[in-house]
Amino acid sequence: MVVDGCYFPRTSKRRRLTDMDTEIAKAKLAAMQERFGREIHVFETLALASSSNAPLSNGEETDDFYDLTAEDYYRLLASKKEDKFLKTRKILEAEEAARMSRTTKTVIRVRFPDNLTLEATFHSSETLQSLVDLLTKVITQPKQLFYIYTTPPKKVINDLSQNFYNAGFYPGAIVYFAYHVPKGGSTGGDHSGPYLQEELLSLKQFEPK
């Protein structure tokens, strides 16, 4: 996830591959890339919540699940030091133009309530709508209303017209997936997992080299 310029690396568990596994993995990943038009990976995410933080009825975690650790706090604090120095508008604009000229791709990781993560590569100039479009193609229940959000604090992503760069999702970010649950009940469909289609789930055993 990108928070004030800090990008948190993947936390996952995957088995090592044999040479034969590697060839199979390359073939499967290439097939997925051809089908969906972008590089895709699926992996398991290590559970970070304690037993007291039970999932909500629609698979979301409680807000306490996303509390910053001391390490996270000091990392964010360090990243803000340079913000103390005032810069003129022209310098800021020049730096922004330079960053945009170097921008090529962004890696987005979508975490699902069943501890699986979908990783996909986008061009930084693509809009967030392209991420939602991809999710509609890969989830098991595309007709069920869903939303994506970032945390902490929890913020639902509503403006899908922004590109990844302007949304602060460059060079990468972690977002979370959840189904919309009607008020007062669970009517309107099954909101439990599995969330990804079977052919996508088959990718989680592979760790490309």
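Values in this text are rule-based calculations from the coordinates and carry no lab data. Bear in mind the structure is a predicted one, so any value in this text is a computation, not a measurement. Neighbour counts are summed over all protein chains in view; Cβ atoms, including those assigned to glycine, are modelled from backbone coordinates with ideal geometry.
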| note | For 153-162, 170-179, ranked highest to lowest by mean beta-carbon neighbours within 10 Å, the order is 170-179, 153-162
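Taking square-rooted eigenvalues a ≥ b ≥ c of the alpha carbon gyration tensor, is segment 114-182 rounded, prolate or oblate, where a/c under 1.5 means rounded and, failing that, a/b exceeding b/c means prolate?
prolate
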| Nearest-20 debye value, segment 107-182 charge dipole, Cβ charges on Lys, Arg, Asp, Glu | 180 debye
| field | Point-to-point label distance, Q162-Q141, nm (Cα→Cβ direction, 7 Å offset) | value | 2.8 nm
